[in-house]
Amino acid sequence: MKLNFKDKKALIRVDFNVPLDKAYKITDDTRIREAIPTIRHILDQGGSAILMSHLGRPLEKRNADGSINTEKFTLNHLVKHLRKKLKAKVHFANDCIGKQAIKKATGLKPGEVLLLENTRFYPEEEGGDAAFAKKLAVLGDIYVNDAFGTAHRAHASTTIVAQYFDKQHKTFGFLMEREIENASRAMKNPAKPVTCVTGGSKVSDKILLLEKFLDYADNILIGGAMAYTFFLAKKGAVGNSLVEADKLKIAKEFLKKAKAAGVKVILPKDSVCGDKFAADAAVQVCASNQIPDGWMGLDIGPAAARSFASVIRKSQTIIWNGPMGVFEMPSFANGTKVVAKACAAATKKGAFTMVGGGDSVAAVNQLKLAKKVSFVSTGGGAMLEFLEGKELPGIKAIQG
Ligand code: AMP
């Protein structure tokens with residue numbers, strides 16, 4: 001953040017969409033903690049911060065009479081916690097636009113914070129309404145976007161509002177800068193060999209990502225349920241494994257494209273199979289293209305895990321998206337664990353490893369390995385789209 005915030009009011013889009021329990025207590029404050037450096041930096045420079053965010057889906061989860069459940073979805077629940085974390089004066093405006101918000105924003109002193117009410121109380125937020133965005137824009141002198149997780153949406157507070165600020169008056173926050181820098185580092189001129197690891201449930205969700213990987217990967221490792229669609233496309237027997245029977249052509253074409261591009265695609269030789277999709281399923285290891293009827297592949301097998309780990313350990317850049325199996329169930333978590341450990345080992349040897357854009361983040365956190373890889377993205381769908389090579393509206397709105 002190169003701009004000077006002294007005596008300026010920064011209108012900051014944060015992601016405070018935190019989980020709350022029944023008594024509206026925050027159960028995981030990661031997103032708040034992650035926003036603190038940007039806010040603190042602005043306050044320390046002698047600026048003030050006006051924070052806007054959404055919380056949940058208030059328009060979809062309305063009261064029985066159709067009104068918005070303001071008690072459940074108010075950002076007021078966060079004020080006390082924010083005061084404690086920021087050690088600053090935090091005011092609250094009952095509305096994110098209008099008279100009260102303007103009055104409170106105008107009266108804000110350097111070093112103080114104003115938290116605005118949930119932007120999603122207005123349909124105009126997700127609708128990307130320009131008039132609504134303008135009403136947000138009048139509150140601040142500089143617009144700061146630090147909500148990478150919503151950067152793929154052209155919502156009013158994440159994208160449209162930026163058009164009311166010129167280049168000298170809008171910027172990314174630290175969190176967003178870091179996400180963009182790390183993903184760009186992985187995609188543009190990465191140190192070779194580059195290995196991309198994908199998993200998760202569906203080929204259809206990941207095909208754009210796989211195709212983009214062909215631009216820069218040396219190896220593509222495919223685990224998770226999506227591997228079985230590839231085996232089926234190659235006329236293997238996949239038993240009851242989760243497959244997308246209508247994506248066989250796409251899978252075949254992808255393998256052809258990879259061959260033409262000289263990219264090695266490695267599928268899991270063996271699988272840990274269960275007789276049902278359950279934690280207490282009976283388990284056996286099978287060749288992934290010879291899974292008996294009544295059995296389903298729920299994790300990559302031990303031989304596959306060893307070969308995936310060996311490729312990862314020899315790589316200089318690793319991008320990992322999606323678990324290798326149903327890691328939520330202990331019987332089917334080994335493949336994901338081995339891949340996570342191999343990423344940690346590669347990082348230790350100097351490789352750049354980035355985990356992001358899906359459930360692999362949860363897996364790395366569950367295994368307590370998040371600090372042992374180079375970067376864990378918090379971006380979810382936004383990171384997936386970034387890695388797919390799409391232009392994210394929230395990024396374009398700042399960079400122009
Ligand atoms: P995604 O959101 O596409 O990254 O998929 C993540 C989900 O895929 C996780 O909840 C995993 O449990 C699930 N998954 C991974 N491997 C398999 C598999 N072999 N069969 C069924 N589900 C799987």
Query raised in the report: Out of the stretch 283-314, which residues are in contact with a Cys (Cβ under 8 Å, 6 or more places away or on another chain) and open to solvent by 30 Å² or more (accessible area, probe 1.4 Å)?
Result: 283, 284, 285, 292, 295, 296
**Report entry** Residue pairs meeting the criteria (Cβ under 7 Å; at least 6 apart or on separate chains; first assigned by TED's automatic domain parsing to the domain that holds residue 250, in the stretch 193-217; second part of a strand (DSSP E or B) and within 10 Å of the ligand (Cβ to nearest atom))
**Finding:** 198/321; 206/198; 209/198; 209/321; 210/198
Report summary line: Taking the stretch 60-87 and keeping residues surrounded by fewer than 13 Cβ atoms within 10 Å (Cβ to Cβ) and assigned to a loop (DSSP other than H, G, I, E, B) leaves 60, 61, 63, 64, 65, 66, 67, 87
Query - When residues of the stretch 1-45 are limited to those that are of a type outside the set (A, V, I, L, M, F, W, C) and open to solvent by less than 10 Å² (accessible area, probe 1.4 Å), the one nearest to residue 380 (Cα to Cα) - result: 13
Report summary line: residue 216 vs (1) within 28 Å of the chain's Cα centre (by Cα); (2) of a type outside the set (Lys, Arg); (3) within 16 Å of the ligand (Cβ to nearest atom): all pass except (3)
Report task. Please go through the stretch 219-229 and pick out each residue that is touching a Phe, Trp or Tyr at 6+ places or on another chain (Cβ under 8 Å) and either within 12 Å of the ligand (Cβ to nearest atom) or open to solvent by 30 Å² or more (accessible area, probe 1.4 Å) (or both). Result -> 222, 223
Query raised in the report: Of (1) part of a helix (DSSP H, G or I); (2) touching a Leu at 6+ places or on another chain (Cβ under 8 Å); (3) surrounded by 16 or more Cβ atoms within 10 Å (Cβ to Cβ), residue 102 satisfies all except one. Which?
Result: (3)
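Would you confirm, using the coordinates I've provided, whether residue 280 is within 10 Å of the ligand (Cβ to nearest atom), of a type outside the set (Ser, Thr, Tyr) and out of contact with any Asp or Glu (no Cβ under 6 Å at 6 or more places or on another chain)?
No, not satisfied.
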Report summary line: Apart from one, (1) in a loop (DSSP other than H, G, I, E, B); (2) out of contact with any Lys or Arg (no Cβ under 9 Å at 6 or more places or on another chain); (3) in contact (Cβ under 8 Å) with a residue 12 or more places away in the chain all hold for residue 17; the odd one out is (2)
Query raised in the report: Looking only at residues in the stretch 46-55 that are in a loop (DSSP other than H, G, I, E, B) and crowded, with 17+ Cβ neighbours inside 10 Å, which one is farthest from the chain's Cα centre (by Cα)?
Result: 47
Report summary line: Scanning the stretch 300-345 residue by residue, the ones that are within 23 Å of the chain's Cα centre (by Cα), outside any helix (DSSP H, G or I) and within 10 Å of the ligand (Cβ to nearest atom) total 10
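The values are calculated or read from the model by the stated rules, or taken from the named source; none is laboratory data. Remember, it's a predicted structure, so these values are computed and weren't measured experimentally. Cβ coordinates were reconstructed from backbone atoms using ideal geometry, including for glycine residues, and neighbour counts include every protein chain displayed. Please note that ligands, DNA and RNA were not included when accessible areas were found on the heavy atoms of the full protein model with its side chains. Shrake-Rupley method; radii C 1.70, N 1.55, O 1.52, S 1.80 Å.
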